[in-house]
Amino acid sequence: MKNSTVNDKTDKEVKDARRVTKNSHFLEIWNRMKRDKNCVISLTFIGLLFFVAIFANFLIDESLVTTQNVAERIQGPSLVHWFGTDLYGRDIFARVVYGSRISLSIGILTTIFATAIGSFLGAVAAYFGGKIDDIITRVSDIFIAIPEQLMAMVVVAAVGATPISVMAALSVVVIPNRCRLVRSTVLGIVDTEYVEAARACGMSDISIIIKEVMPNTLGPIIVVSTQGVASLILTVSSLSYLGVGIQPPTPEWGAIIFEAREFLRIAPYMCLLPGAVIALTALAFNLVGDGLRDALDPRLKD
């Protein structure tokens, strides 16, 4: 009984020690990120963007997004309409706010899904090697060789321009890149002592990949994925602008600019202001990715 009690106390102490170590590690990363003013400002902007997107229904009347008002069409920015109105008299600022839901959702959900699939395939390729590695790597090379924009356009044109199809098209583009990234990272840790110890303990290959190998690739994955959200938002907007992405009247950022392209000379605000929001959002995610890269790099520790 005494031995059992001692063992229980020892296990609890080990778990508590691990929890304290993990919390201190996260706190250290956060403290280092706070030193980067650009990263802090970008995080604040992204947080505000998420707040506005989530609570858009409480902040702005949805009728401003959908209701056409010919009497107020093509009005410049004012205190009533911050970004002006479009050719149908709809409030552009309201459409940008509601459009943030679509653009952010597609960018983030696609990043999560594609990163999970691509990371697992890359880890499997590096762990097993041989023919499995050759097959996964060659297939990834084929998709990477095709321009990303062209690949996305082909998939969307084939299955239709809906949010789900756009996410599927972008996932096809992102998965090979994440696969190659994780493969190169796992090749450096697949023969380490803790992986050999896991094999000696009788863990299955899949368990070793998920529990021992993939957690050690989170650093580069988080950084690349954060910056990848910016790239995906730009790609979604460009697809809509080219007419093969989310279609009007859905208030997606690229679709808003697509509808306003014919009025660039007489009403440039219709394109420039939504475009500025897209550019600032992409810049913010890139700066956060840079901050995470610096915070996670052990060579930059004081």
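The values are calculated or read from the model by the stated rules, or taken from the named source; none is laboratory data. Note that the structure is predicted; figures quoted are calculated from it, not measured. Here the Cβ is made from the backbone with ideal geometry for all residues, glycine too, and neighbour counts use every protein chain on show. When the accessible area is computed, the model is the full protein with side chains, heavy atoms only, and any ligands, DNA or RNA have been set aside. Shrake-Rupley method; radii C 1.70, N 1.55, O 1.52, S 1.80 Å.
Some points to look at:
- Potential lengthening of the chain between PHE263 and ILE132 amounts to 41.8 nm, from the contour at 0.36 nm per residue minus the alpha-carbon distance.
- Net charge of the neighbourhood of ARG95, taken over other residues with C-beta under 14 Å away and scored Lys/Arg +1, Asp/Glu -1, is -4.
- LEU48-GLU28 FRET efficiency (beta carbon distance; Förster radius 22 Å; 0.05 resolution): 0.25
- Helical content alone sets the calculated 222 nm signal of the chain at -24000 deg cm²/dmol, taking -39,500 (n - 2.57) per DSSP H segment of four or more residues and averaging over every residue.
- Extension gain for the segment GLU72 to LEU296, taken as residue separation times 0.36 nm less the Cα-Cα distance, is 75.6 nm to one decimal.
- Placing a pseudo-label 7 Å from each Cα along the Cα-to-Cβ vector at THR192 and ARG101 gives an inter-label distance of 4.3 nm.
- Highest-MSF residue in the chain out of GLU252, GLU193, GLU212 [GNM, Cα springs under 10 Å]: GLU193
- Listed residues LEU181, LEU218, LEU170, most fluctuating in the chain (Gaussian network, C-alpha, under 10 Å): LEU218
- Between the stretch 271-295 and the stretch 73-92, the Cα center-to-center distance that results, in Å: 25 Å
- Here the relative contact order of the stretch 128-232, from alpha carbon pairs under 8 Å that lie six or more residues apart, stands at 23 percent.
- Take every pair of alpha-carbon atoms less than 8 Å apart whose residues are at least six positions apart; their mean separation over the length of the stretch 234-302 yields a relative contact order of 20 percent.
- Put a dot 7 Å past the Cα of LEU283, heading toward its Cβ, do the same for VAL80, and the two dots end up 3.1 nm apart.
- Computed on the chain, with alpha-carbon pairs under 8 angstrom and 6+ residues apart, the relative contact order is 23 percent.
- A full extension of the chain between ARG35 and LEU150 corresponds to an added length of 37.4 nm, given 0.36 nm per residue minus the alpha carbon distance.
- A 1.4 Å probe run over the protein chains yields, for the chain, 55 Å² of accessible area per residue, whole-number rounding.
- Table column - 3J(HN,Hα) (Hz), the stretch 145-160, Karplus curve with 6.51, -1.76, 1.60, x for Gly and Pro: 5, 8, x, 4, 4, 5, 4, 4, 5, 5, 5, 5, 5, 7, 10, x
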